Amino acid sequence: MNKILLILILTLSFQTLVKADDIRDFELEGISVGGSLLNLVSKSEIIKNKDFKHPNKKYFSYLYSDKKDSKYDYFQFSIMDRDKSYKIEDVSAGIYFKNNIKDCLKKMDEVITDVSYSFPNLNKSKKNERKHRGDPSGKSTITEVYFHFKTGDVIAIQCIDFSKELNYIDQLSIEMASAKYYDWLANEAFK
């Protein structure tokens, strides 16, 4: 009887540890990859405001900034076009830091610490700074860290320091992407 109880406890413990490494366990104010955008907005609202940001139009984006009492200034979702369930394949939440990249980087470090604590088994990249490919002047930069799940899903944390010429607000972006979306973005989105 003790052996059966021990096996049952070990089995349940192992299942909990495996589940802790699932991107769907990471939520931003109740929103996660795998959920439906229909839980936030109506189908007609989605259709009216969907935006194709890449040359390959397999996925569309939907910008959402009406979440009451949110600590985020916006949410941006990516949904596979023609998916009738409007399953979220990618979600980004952003916080604006007007001309204040120093505070953005400080908040970024806090988020990295939180994600590292919540998902200790993920492969974390080193913090990297690169030029923002959307700025032809090359003056805008992105500081970023990626967390990779064994499934290929990704959490990206980025501080974007826009050049003054672009007239955009510096921001922290926390992004969660399914493996399917991340692979499309890396290999097909710009074709």
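Neighbour counts of C-beta atoms inside 10 Å place Ser178, Ser163 in the sequence Ser163, Ser178, starting with the fewest.
Going by neighbour counts of Cβ atoms within 10 Å, the residues Cys104, Cys159 line up, fewest first, as Cys104, Cys159.
Taking a sphere under 11 Å around the Cβ of Ser78 and counting the other residues whose Cβ falls inside, with K and R at +1 and D and E at -1, yields a net charge of -1. Listing Phe190, Phe149 from fewest to most neighbouring C-beta atoms within 10 Å gives Phe190, Phe149. Each of Ser61 and Asn39 was given a label point 7 Å from its Cα along the Cα-to-Cβ line. The distance between the two points is 2.3 nm. Near Gln171: Cβ cut-off under 12 Å, other residues only, Lys/Arg at +1 and Asp/Glu at -1. The net charge is -3. Evaluated on the range 79-145, the Kirkwood hydrodynamic radius is 14.8 Å, with distances taken between all distinct Cα atoms. The 3J(HN,Hα) values that the Karplus relation (6.51, -1.76, 1.60; θ = phi - 60°) gives for the range 112-122 are, in residue order, 4, 4, 4, 5, 4, 6, 6, 10, x, 8, 7 Hz. Gly and Pro appear as x. Pairs exceeding 30 Å between alpha-carbon atoms, taken from Lys126/Lys191; Lys84/Lys191; Lys84/Lys127; Lys98/Lys191; Lys57/Lys150: Lys84/Lys127; Lys98/Lys191. Once a ≥ b ≥ c are taken as the square roots of the eigenvalues of the Cα gyration tensor of the range 3-187, is the result rounded (a/c under 1.5), prolate (a/b larger than b/c) or oblate (a/b not larger than b/c)? Because a/c hits 1.5 or more and a/b fails to exceed b/c, the range 3-187 counts as oblate. Can you work out ³J(HN,Hα) from phi for every residue in the range 165-171, in order, using Karplus 6.51 cos²θ - 1.76 cosθ + 1.60 and θ = phi - 60°, giving whole Hz and x for Gly and Pro? Whole-Hz 3J(HN,Hα) from phi for the range 165-171: 5, 7, 6, 10, 8, 4, 7. Once the Cα-Cα distance is subtracted from the 0.36 nm per residue extended length, the Ser116 to Asp22 segment shows a gain of 32.5 nm.
With θ taken as phi - 60° and the Karplus curve 6.51 cos²θ - 1.76 cosθ + 1.60 applied, the whole-hertz 3J(HN,Hα) list for the range 55-67 is x, 7, 9, 5, 10, 10, 10, 9, 8, 10, 9, 9, 6 Hz, x standing for glycine and proline.
Each reported figure results from applying straightforward, stated rules to the coordinates on display, with no laboratory input. Bear in mind that the values here come from a model prediction, so they are computed numbers and not experimental data. Positions of Cβ are generated from backbone atoms using ideal geometry, with glycine treated the same way; all protein chains shown enter the neighbour counts.
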